[in-house]
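*Asks:* Starting off with a structure, shown below.
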């Protein structure tokens, strides 16, 4: 009972982090609109897996080492920035699909594994995510928190992210929204591409 308030606080902070507009959100919306609802959901699963990696290394104390090492931080920072810029350029130069939304599965869908990998790399290569989870473990959870409590918190954080991005995928694949996207696909893809590039540049310029 004494850890319920801690678990509730961390769950709330994690939900706010997931809901805040950033690389994860942009990538999930982009994949949902460009491909299908299932691709958007699997992107969210990849993001959840990325969060599990953040939790593991923060719990192990590696996150603290990364936060103190300029070289390690910059490696993650520039890898993440490069990945987002690459995905942004791909969005901008992508050709329209011209495929009807009524099809059960669009021919241009990427595989579930590809969607998971996209979500995973978008999350794991974001140094801001590293700092976020390190902050939680340093100032909220603490290294003296019992293992079973950390495990419960980890499960809640992962499932919260997956459920949130599932809702995002479901919302942005509603027929009216999807039909609007298909009418303005090239322009919207350019907007998403620009956002990803800007996020990549922002990450590249970020300081600890």
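What follows is calculated from the coordinates using simple rules that are stated; it is not laboratory data. Being a predicted model, the structure only gives us computed values, none of them experimental. Reconstructed Cβ throughout: ideal geometry from the backbone, glycine too, with neighbour counts over all protein chains shown.
*Asks:* With labels modelled as points extended 7 Å from the Cα through the Cβ direction, what inter-label distance (nm, one decimal) is found for residue 9 paired with residue 184?
*Replies:* That separation, rounded to one decimal, is 4.3 nm.
*Asks:* With a 10 Å Cβ neighbour count serving as the proxy for reagent exposure, in which order, fewest first, do 117, 77, 175 appear? Spell out each step's value before the answer.
*Replies:* Working: 117 16, 77 22, 175 9.
Listed from fewest to most nearby Cβ atoms, that is 175, 117, 77.
*Asks:* Please report, in cubic angstrom per residue, the volume enclosed by the convex hull of the alpha-carbon atoms of region 156-208. Display every interim value, and only then the final one.
*Replies:* Working: hull volume 4.1 nm³, N = 53.
Per-residue hull volume (Cα only) is 78 Å³.
*Asks:* Using R₀ = 45 Å, calculate the FRET efficiency as 1/(1 + (r/R₀)^6) where r is the Cβ-Cβ separation of residue 171 and residue 72; round to 0.05. Walk me through the numbers before you get to the answer.
*Replies:* Details: r = 37 Å, r/R0 = 0.82.
Efficiency at R0 = 45 Å is approximately 0.75.
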